[in-house]
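Notes to accompany the following structure.
The values are calculated or read from the model by the stated rules, or taken from the named source; none is laboratory data. Everything numeric in this text was worked out from a predicted model, so none of it was measured. Cβ atoms come from the backbone with ideal geometry, glycine included; neighbour counts cover every protein chain shown. With ligands, DNA and RNA removed, areas are computed over all heavy atoms of the protein, side chains included. Shrake-Rupley method; radii C 1.70, N 1.55, O 1.52, S 1.80 Å.
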Amino acid sequence: MRIEQDYKLDFPDVLIRPKRSTLSSRSDVNITREFTFRWSGHRFNGVPVIAANMDGVGTFMMARAFEADGNGLTVALVKHYPADKLIEFYRNGGDANTWYTVGLNEEDYEKFKYVNKQLGDLAPKKICLDVANGYIQYFVDYLRKIRDQFPDKTIMAGNVVTGEMTEELILSGADVVKIGVGQGSVCTTRKVAGVGYPQLSAIIECADAAHGLEGLVCSDGGITCPGDIAKAYGAGADFVMMGGMFAGHDQSEAELIEEDGEKKLFFYGMASDTAMKKHKGDVAEYRASEGKTVKIPYRGDVKDTLQEILGGIRSACTYVGARRLKELTKRTTFVLVSRQLNTIFGDD
Ligand code: 5GP
């Protein structure tokens, strides 16, 4: 047994220190990023925010809302859509704002190949290879196989939380490595398994490793408010993925329930009992459920939430004098804090 002595940080452990700035208004700030992906060579230009591949979040409707918004945010589609629905979606111009999520089992792989073949030139260009534990050798082998067979796809792969595994995934074919274990809003891995890594430190360490190899990182999970997104970018994240922040909207494709005169809906982890029952057979029975189910208030159209998110990123850039989002990391000084918010009127 060994104990690492340096403190690892989460979002609430820090604040971003304001810096002198010549920007006079939030509208002076450009919050899009341009990337050329290391392996695929494709380019990305947009706000680097991704809706997670979770039920109620990574939906076709969410992708259409992001498309309509026009800021270039993207959606990682849930992997459970049937092939015919995916084909229809991509035929109708669904590619630009989406990541096609490829599951790890044979059936998902066959579905992916089939969808690609049917779509020809319209096939998904960006894909997401997603597993709770990116440290298993099978995952690395699978990533290598997909990279070999689809050299021109942009691949986002994860999840991991350490520099050496980030390097391994990039060298095995990932353009973007997804970072985060245990910090998700409906994740119970820390409780069930005692495993995890504070997200801010994970981003700092993994971004450093990835950027050294011309790879990118996506911080996945743990965002509770727009300020956390700014901290993730400040720490070095190229993309930020969110589930809970995008849950509860019209775009969830979920049923609304009425409780005490309030509209609500269910949101759950993709490894929860709810998800297992819904997509039976996906999660092996010997695996403990590592996700929970919560009832959340209905929040209307995602449009307003998007405004809040984009406004928050803009504001952070303005406070530190970053004219472009790209400059945010360089201009970020984190201060360690023991108290982040004034909670006299609650903590929201
Ligand atoms: P959030 O933004 O809601 O805090 O976190 C979203 C992320 O939580 C997802 O992108 C995914 O990585 C992770 N996640 C989703 N469902 C589950 C689950 O059932 N168990 C665990 N451990 N993580 C989950």
Take residues that are surrounded by 19 or more Cβ atoms within 10 Å (Cβ to Cβ) and modelled with pLDDT under 95 and tell me which of the helices (runs of 4 or more DSSP H) falling wholly in region 252-348 contain 2 or more. 273-278
Looking at region 176-198, is at least one residue under 22 Å from Leu73 (Cβ atoms), among the aliphatic types (A, V, I, L, M) and open to solvent by 20 Å² or more (accessible area, probe 1.4 Å)? no
Among residues of region 9-25, those that are outside any helix (DSSP H, G or I), more than 16 Å from the ligand (Cβ to nearest atom) and either within 15 Å of Tyr233 (Cα to Cα) or modelled with pLDDT of 95 or more (or both), counted: 7
For region 226-275, which positions are within 9 Å of the ligand (Cβ to nearest atom), among the hydrophobic types (A, V, I, L, M, F, W, C) and more than 15 Å from the chain's Cα centre (by Cα)? Phe267, Ala271, Ala275
Region 26-89: strands (runs of 3 or more DSSP E) wholly inside it with 2 or more residues that are open to solvent by 20 Å² or more (accessible area, probe 1.4 Å) and more than 16 Å from the ligand (Cβ to nearest atom) are 33-36, 43-46
Scanning region 119-134 for residues that are part of a loop (DSSP other than H, G, I, E, B) and touching a strand residue (DSSP E or B) at 6+ places or on another chain (Cβ under 8 Å), the one nearest to Arg43 (Cα to Cα) turns out to be Lys125
Pair list, Cβ < 6 Å and 6+ apart or interchain, from region 212-230 residues that are crowded, with 24+ Cβ neighbours inside 10 Å to residues that are of a type in the set (Phe, Trp, Tyr): Cys218/Phe239
Screening Asp175, Asp220, Asp152 for residues that are away from the ligand (no atom under 16 Å from the Cβ), at pLDDT 95 or above and out of contact with any Phe, Trp or Tyr (no Cβ under 8 Å at 6 or more places or on another chain) leaves only Asp152
Members of region 122-135 that are modelled with pLDDT of 95 or more and open to solvent by 40 Å² or more (accessible area, probe 1.4 Å): Leu122, Lys125, Tyr135
Would you confirm whether any residue within region 110-118 is in contact with a strand residue (DSSP E or B) (Cβ under 8 Å, 6 or more places away or on another chain), assigned to a helix (DSSP H, G or I) and of a type outside the set (Phe, Trp, Tyr)? yes
When you check Ile146 against the structure, is it modelled with pLDDT of 95 or more, open to solvent by less than 10 Å² (accessible area, probe 1.4 Å) and away from the ligand (no atom under 14 Å from the Cβ), yes or no? yes
Between residues in region 87-100 that are at pLDDT below 95 and residues that are surrounded by fewer than 21 Cβ atoms within 10 Å (Cβ to Cβ) and part of a strand (DSSP E or B), which pairs lie under 9 Å by C-beta distance while being six or more apart or on different chains? Ala96/Gly46
Test each condition in (1) open to solvent by 40 Å² or more (accessible area, probe 1.4 Å); (2) in a loop (DSSP other than H, G, I, E, B); (3) more than 25 Å from Glu34 (Cβ to Cβ) for Asp152 and report the one that comes out false. (3)
Looking at region 319-336, I want the residues that are in contact (Cβ under 8 Å) with a residue 24 or more places away in the chain and on the phi > 0 side of the Ramachandran plot and have a partner that is surrounded by fewer than 20 Cβ atoms within 10 Å (Cβ to Cβ) and assigned to a helix (DSSP H, G or I) with Cβ atoms under 9 Å, at least 6 apart or on another chain. Which pairs are those? Gly321/Glu327; Gly321/Arg331
